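What follows is a set of notes on a single structure, which appears directly below.
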Amino acid sequence: MGVTVPAALPTVTGLLLARARDPEPGLRFEDRRWSWREHVGECARYAAVLRARRAAGRPFHVGVLIDNVPEFWFTLCGAAFVIWRHRSNIARLRAGTEHRLNLKGARP
């Protein structure tokens, strides 16, 4: 399946959104697999949780400190969705503002 990435979105978010309806495998981990459609859906779900935890009036950053498991990718891509939606975050990231939310976990 050919994927067209809009020139206006040459970002991780743009690449993910371009695959949002793709039924082909997008993530495999051990004996589990997600289509691109399912992967992007999980990322959007994680982004909604991250946005819900955002403190009003404060810079918002996400630090992801977990093993290389599917939840890592869902959180990382969800964070990309949040940053894309709140472009002022990009300037704060470049300025080195500390993270406000850190997710830590260990692989079972």
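The values are calculated or read from the model by the stated rules, or taken from the named source; none is laboratory data. Only a predicted model underlies this, so the values are computations on that prediction, with no experimental measurement involved. As a convention, Cβ positions derive from the backbone with ideal geometry for all residues, glycine included, and neighbour counts pool all protein chains shown.
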Flagged pairs (Cβ under 9 angstrom, 6 or more apart or on separate chains; first in the stretch 43-66, surrounded by fewer than 17 Cβ atoms within 10 Å (Cβ to Cβ); second assigned to a helix (DSSP H, G or I) and among the charged types (D, E, K, R)) are Arg51/Arg85
Would you confirm whether or not the stretch 53-71 contains a residue that is outside any strand (DSSP E or B), at pLDDT 85 or above, touching a strand residue (DSSP E or B) at 6+ places or on another chain (Cβ under 6 Å) and among the β-branched types (Val, Ile, Thr)?
no
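Return the total of residues in the stretch 1-42 being part of a helix (DSSP H, G or I), modelled with pLDDT of 90 or more and buried (at least 18 other Cβ atoms within 10 Å of the Cβ).
Residues meeting the conditions: 4.
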